[in-house]
Every structure is written in C-alpha cells, then in structure tokens.
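The values are calculated or read from the model by the stated rules, or taken from the named source; none is laboratory data. On a predicted model such as this, the values are computed, not experimentally measured, just so you know. Using ideal geometry, Cβ is built from the backbone for each residue, glycine included, and neighbour counts are taken over all protein chains shown. For accessibility, only protein heavy atoms count, side chains too; no ligands or nucleic acids. Shrake-Rupley method; radii C 1.70, N 1.55, O 1.52, S 1.80 Å.
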Amino acid sequence: MEKHRADARRRPRVGWFLAAAGALAAVVWADLYLALIASPPEENMGDLVRIMYFHVPCAWVALFAFFVSFIAAGMYLWRRNTGWDSLAVSSAEIGLCFTTLALITGALWARPVWGAWWTWDPRLTTTLILWFLYAGYFLLRGSLDGRERRARVSAVYGVIAFLDVPVVHMSVTWWRSIHPAVVSSQGIHMPPGMADALWMGLCTWMAVYALLLTVRYRMERQRERVERLVARVRAQTS
Amino acid sequence: MLRDLWFLWAAAGVVTLGTLAYTVLLWMRQTRLEQLVARLERELE
C-alpha cells in the first residue's frame, strides 16, 4: 500500500496540468483574436494600439506578482513557514519575467509612436529600477547558504524591493510623464470596444499567471525536497 | 502600415512565445526534479 502511494507520488502529474494548459490555450487564442482582429483600430495610432492589449496586461501581472511576493515575504517573516518563502520566490520570478515582457513590448510601441525605443520617462525609469531590484533578489538568493538564512534575508529584501511598486504606479501622477495612464483608480481610459479587449487581456494573462504560479510553486517545493533528500543520502553514506 | 504591423506582431509574438517557452521550461525543470526525487528515494530505501 505504502509502495503504491510512493509510486503515485513519483509519477509526474501531467493530467491536471495538461487540462489547465489546454483550457488556458483556448482562452489565449480568444484573447489573441480579440486583440489582433476583432477590436477596432485607434484614430491616431491605428493598429499600434493593439500592442497595449499585450503591454498593459504584462505590466499589470508583473505588479500583481510582486504584490503576492511581498505578502508572502511578510508572512514568512511573521510565521517562519517555508511555504511562504517558496510562494515569494515563485511569484517574484514570474513578476520578473512579465516585467521583461512589459519593457520589450513598451519599447516596440514607443519606437513608432514616440520615435525612440527608450526615453528616461519616470514610468519607464522606475520600471527599469524595479527590474534591477528583482534581478538583485535572485542574485542575493543564489549567493546565500543555508535554507533558513536564505529565506529570512530574501524576505527582508523582498519587502524593501516592493516599495518601488507603488512608485511605478504613481510615477505618472507624481512627475511629468509622457507615458499614457491607461489604467487608473477610475478604471480603464479607453473607448468601449478597446476597453473590452484590454479587460479580456488582463483576465487572460492573470489566468496564465495563476497557472504559472501553481507550477513554479510545486517546483520550488520539489527542489526543497531534493535538498533534504540529498542531505539524508550524504548523512547515510558518510 | 506594414511597419506598424511588424511592431504589433513582434509584441504579440514576444509575449505569447515568451510565456510558452517559460511554461515549457518550468515543466521540464519540474519533471527533472520529480525524477531526481524518485532516484534519491530509491537510494535511501
């Protein structure tokens, strides 16, 4: 019985992942159709407005992922449960990936609209700082030995790094910025047809984030299990 | 017009293919770790 349970644990659990990924692929196709074909072009920007349906959700998901990482880091410092540390690092990695995508898509929009790939605009600059802060988070984690120490120092750093997120969000209000404020506390500033495409994009990429976080979190827990097993094997052989 | 479409398809491609590549990478890392756990557990038995 015990052996059967152990075998089931070892078997890669592909069923749930394939089902979720398949359903999500259908949603992504629907989102691509709405963003690239069904939504109307903008009066001045024409088809370039469609880049917004990728750029804004990426930026949104990135900030949300860092928020989840911040909460998880705070919870780790409070509870000292390694599960919170796993959640913090998983969400931070996805946040860093989506920040990279937001920076690339932003540059692809800026080149034809502003005439430059990059400007030192407050929104762009604070986002680049955010990218470096979270890249530093992973460099720091990689340089620390000891499970407990790595989790504790990373959690403190994660809480401090998050301070840049509200600065990124408020940068278009606090300083003179040429970056459009598409999403604010008043909602989405776009005509109805375009706002629908943007909402669809936000929901789709948040769902993608949820799937990625689930996979990444399970991976982190598995990695910790490997560390524990390696220590046991070493203890047994020495 | 054609130039605009190039930028648009580049943005859509980067986001979609980038996310797909990251998902595949995560799945490969997870599978490798599961195999490693199985091997280490066998060694401990």
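So, of the residues in the range A:187-238 that are modelled with pLDDT of 90 or more and of a type in the set (S, T, N, Q), which turns out to be most open to solvent (accessible area, probe 1.4 Å)? Step by step, filter the range A:187-238, then rank; the result is A:T214. Just one of the listed residues (B:T31, B:T19) is under 24 Å from A:A59 (Cβ atoms), open to solvent by less than 50 Å² (accessible area, probe 1.4 Å) and at the interface with chain A (Cβ under 7 Å from one of its Cβ atoms), and it is B:T19.
Number of residues in the range A:210-238 that are more than 8 Å from chain B (Cβ to nearest Cβ), farther than 15 Å from A:V89 by Cβ and assigned to a helix (DSSP H, G or I) equals 6. Within the range A:158-168, the set of residues being over 21 Å from A:W114 (Cα atoms), touching a residue at least 60 places away in the same chain (Cβ under 8 Å) and in a helix (DSSP H, G or I) comprises A:G158, A:V159, A:A161, A:V165. In the range A:85-103, the qualifying residues are those that are away from every other protein chain (no Cβ under 11 Å) and hydroxyl-bearing (S, T, Y), and the one that is farthest from A:V153 (Cα to Cα) is A:T99.
Residues in the range A:145-186 that are surrounded by 13 or more Cβ atoms within 10 Å (Cβ to Cβ) and among the basic types (K, R): A:R147, A:R150, A:R152. Go through the residues of the range A:45-60 one by one and say whether even a single one is away from every other protein chain (no Cβ under 14 Å), open to solvent by 30 Å² or more (accessible area, probe 1.4 Å) and not in a strand (DSSP E or B). Within the range A:45-60 (the criterion being away from every other protein chain (no Cβ under 14 Å), open to solvent by 30 Å² or more (accessible area, probe 1.4 Å) and not in a strand (DSSP E or B)), the answer is no, since none of the residues qualifies.
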